[in-house]
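First comes the structure, then the notes that go with it.
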Amino acid sequence: MKKIIVGHRSKHHSGYSGYSRLIDFLEDTIAIPSGKSKNIVPYRIAKFIASNLDKKKGEYNTDSVEKEAELFKVLTKYKDKKSIIHYLNAERDIRFAINQKWYYTKDTFIGTFHKPNEILKKQIPKTKYLKMLDGAICVGPNQVDFIKDWLNIDNVKFIPHGIDTNFFTPDNTKREESTLLFVGQHLRDFKSFNYCIPKIAEKIPDLKVNVILHSSYMKYIEPHNAVKVFSKVNDIDLKQYYQNATALFLPMLNSTACNSILEAMAMGLPIISSDVGGNYGYVNDKNAILVPKGDDDFLIDTTVALLKNEDKLNKMSLMSIEASKQFDWKNVAKQVNDFYSYCAIN
């Protein structure tokens with residue numbers, strides 16, 4: 001059974017992060033884009049096709065056209081064999097190939113969904129193509145029932161996002177006291193962050209807060225003596241910031257899977273975040289404190305108490321490392337492979 005993986009990589013992800021890393025841990029795969037697909041379709045034609053398609057049926061741009069052109073070539077080459085076609089980001093790139101399922105009768109189409117339910121429903125109100133999927137992977141446990149009902153698909157499974165535990169490794173000798181780390185911008189609660197940090201700093205005079213995000217989001221961080229904001233951080237420096245931190249401080253508006261939480265866990269950081277979305281599928285009360293969204297005063301008190309409790313910090317650190325092992329990409333890839341086999345016969 002051929003595994004044809006239609007990938008997508010977000011530019012802001014570390015080279016060791018992102019869902020596209022799954023490809024590196026699956027055997028016998030054909031990755032699209034392969035790096036050889038550029039200009040299969042002339043750019044002007046690809047742009048014309050993409051610009052005339054209904055985006056309410058899913059994101060589809062010029063890169064999507066190139067991917068599908070390559071996908072058709074691969075499907076034609078292996079037309080006599082069973083294939084799994086896995087769209088790593090089901091919110092995008094799904095259009096023409098899946099519409100030919102009547103011809104590719106031996107093949108199984110699967111998509112992984114990343115966005116929270118409310119966003120999916122708003123951004124993709126027309127689900128014609130998504131309903132043609134034979135199976136769906138959810139990276140958040142909070143998505144499963146919604147996807148089943150929304151797309152009328154029976155084969156829906158929560159399979160967690162993975163983490164490269166060989167790269168994201170702790171080093172306690174580099175840990176600094178009273179140092180919080182805030183990473184990323186997607187669905188982050190900047191309002192809560194800006195409210196809480198000055199009040200935490202009043203109670204923790206030597207507080208340091210390192211913020212790492214895309215440069216276009218730096219404007220959302222209000223200036224404070226304790227806060228340093230960084231952008232365009234390379235992989236080694238990112239790892240260093242995790243190793244320096246005492247805890248991950250990450251108030252959120254919503255979530256399914258969060259790279260930053262997974263990375264912090266593998267680096268042995270206690271997690272302070274919001275009790276929203278799929279966060280409960282990744283952390284537990286031994287390595288994390290999930291605060292109800294909007295309860296900023298409780299978030300402040302919880303953070304201050306934790307920073308002052310070295311024994312609890314150490315215990316939570318060890319539990320984060322232990323918990324992260326189940327999300328190692330090797331374990332996640334095995335679950336994905338099992339799901340491929342299941343969907344192919346059901």
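Observations on the structure shown:
- When the solvent-accessible area of the chain is split by element, carbon and sulfur atoms take up 49 percent of it, the probe being 1.4 Å.
- Check: segment 113-159 dipole with +1 on Lys, Arg Cβ and -1 on Asp, Glu Cβ, in debye: 240 debye
- Restricting segment 23-108 to GluC sites (Glu not before Pro) in coil, as DSSP defines it, with at most 13 other Cβ within 10 Å: 27
- Highest average packing first - 80-87, 200-207, Cβ atoms within 10 Å: 80-87, 200-207
- Dipole magnitude (debye, nearest 20) for segment 249-311, charges at Cβ of Lys, Arg, Asp, Glu: 200 debye
- At an R0 of 41 angstrom, the distance between the Cβ atoms of residue 284 and residue 2 translates into a FRET efficiency of 0.60.
- Accessible area per residue in Å² at 1.4 Å probe, computed on segment 160-200: 40 Å²
- Reach of residue 203 by Cα under 25 Å, taken over lysines that are not fewer than 8 positions away in the same chain: 174, 191, 228, 286, 293, 308, 312, 315
- Nearest-ten-degree value, helix 329-345 long axis tilted from longest Cα axis of the chain: 30 degrees
- Long-range amide H partners of residue 328 with built H, under 5 Å: 163
- Probing with 1.4 Å while keeping every protein chain in the model, the per residue accessible area of segment 22-98 equals 54 Å².
- For the pair residue 334 and residue 298, the difference between a 0.36 nm per residue extended length and the Cα-Cα distance amounts to 9.0 nm.
- Signed unit charges on C-beta, dipole axis of segment 12-127, positive-most listed residue 53, 120, 85: 53
- Calculated from the alpha-carbon coordinates, segment 296-337 shows an Rg and a Dmax of 15.6, 44 Å respectively.
- Annotation note: trypsin sites (Lys or Arg not before Pro) in segment 265-346 located in DSSP loop regions with a Cβ neighbour count of at most 12 within 10 Å are 308.
- Placing unit charges on each Cβ (+1 for Lys and Arg, -1 for Asp and Glu) gives segment 193-346 a dipole about its Cα centre, and among 333, 226, 346 the Cα reaching farthest toward its positive end belongs to 333.
- Using a Gaussian network model of the chain in which every pair of alpha carbons under 10 angstrom is joined by a spring, one finds that among 138, 196, 258 the greatest mean-square fluctuation is at 196.
- When only the Cβ of Lys, Arg, Asp and Glu is charged (+1, +1, -1, -1), the dipole of segment 140-298 relative to its Cα centre reaches about 300 debye.
- Chymotrypsin sites (Phe, Trp or Tyr not before Pro) restricted to segment 297-346 and DSSP loop, no more than 15 other C-beta within 10 Å: none
- The mean of 1/r over all distinct Cα pairs in segment 214-346, once inverted, gives the Kirkwood hydrodynamic radius of 16.5 Å.
- Where labels lie 7 Å past Cα in the beta-carbon direction, separation of residue 152 and residue 216 in nm: 3.7 nm
- Förster radius 41 Å - calculated FRET efficiency between residue 79 and residue 54, Cβ distance, rounded to 0.05: 0.90
- Solvent-accessible area per residue for segment 296-346 (1.4 angstrom probe, square angstrom): 54 Å²
- Over the chain: helical MRE at 222 nm, DSSP H runs n ≥ 4 each giving -39500 (n - 2.57), nearest 500: -10500 deg cm²/dmol
- For the chain, modelled as a GNM whose springs connect Cα atoms under 10 angstrom apart, the maximal fluctuation among 251, 223, 141 occurs at 223.
- Most mobile listed residue (218, 316, 252) in the chain, GNM with C-alpha springs under 10 Å: 218
- Two-decimal log10 I(q)/I(0) for the chain, as the Debye equation yields it once each C-alpha is a single scatterer, q = 0.08 Å⁻¹: -0.41
- Simple spin-label estimate for residue 206 and residue 128 in nanometres, 7 Å along Cα-Cβ: 6.4 nm
The values are calculated or read from the model by the stated rules, or taken from the named source; none is laboratory data. Here the structure is a predicted model, which is why all the values come from computation and not from measurement. When we count neighbours, we look across all protein chains shown, and the Cβ atoms used for this are built from the backbone with ideal geometry, even at glycine. The protein model used for the area step is the full one, side chains on, heavy atoms only, and it has no ligands, DNA or RNA in it. Shrake-Rupley method; radii C 1.70, N 1.55, O 1.52, S 1.80 Å.
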